[in-house]
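So the structure is just underneath, and the comments pick up after that.
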Amino acid sequence: MSDISKELESAAFRRLLEHLAVRSDVQNISLMTHAGFCRNCLADWYREAAEARGLELDKEQARERIYGMPFADWKARFQREATAQEQAAFAEAQARQNR
């Protein structure tokens, strides 16, 4: 992979994080239902990439990078209980994925 490709991918990733920060109204369950990943998935992938390069990064540090603040703070400010409809849609999406 060329250096310019890495720079472009890095820029796109930063833009995704900025977009998710602005769209704090979009709940993780909706992301999981419609896209198959959420902010927590991104944090896990980020942590796994660090570990693959021999860097120590714990779950909370990775989540803080993705959420732009400690996860507990983001959760208290923005996360709400999933509705019955959201839970049903998520269950259906999971069932489709596992078929």
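None of the figures in this text is laboratory data; all of them are computed from the coordinates on show. Please read all numbers here as calculations on a predicted model, not as lab measurements. Reconstructed Cβ throughout: ideal geometry from the backbone, glycine too, with neighbour counts over all protein chains shown.
Applying a 10 Å radius around every beta-carbon, put 2-8, 28-34 in order of their mean neighbour count, most first. Write out the running numbers ahead of the final one.
Values: 2-8: 8.9, 28-34: 17.3.
Taking the mean over residues of other Cβ atoms within 10 Å, the ranking is 28-34, 2-8.
Counting only other residues whose beta carbon sits under 12 Å from that of Asp73, what net charge do I get with K and R as +1, D and E as -1? If you can, show how the numbers build up before the last one.
Numbers: positive: Arg63, Lys75, Arg77; negative: Glu60, Glu64.
Summing Lys/Arg as +1 and Asp/Glu as -1 gives +1.
When only alpha carbons are used to place a centre, region 1-20 and region 31-94 end up 19 Å from one another.
Over the chain, calculate the relative contact order: mean separation of alpha carbon pairs under 8 Å at least 6 apart, over the residue count, as a percent.
Values: 58 pairs, mean separation 27.9, N = 99.
In percent, rounded to a whole number, it is 28.
For the chain, what is the mean residue ellipticity at 222 nm derived from helices alone (per DSSP H run of n ≥ 4: -39500 (n - 2.57); sum divided by total residues; nearest 500 deg cm²/dmol)? Intermediate values should be presented prior to the final figure.
Values: 6 runs with 73 residues, N = 99.
Helix-only estimate at 222 nm: -23000 deg cm²/dmol.
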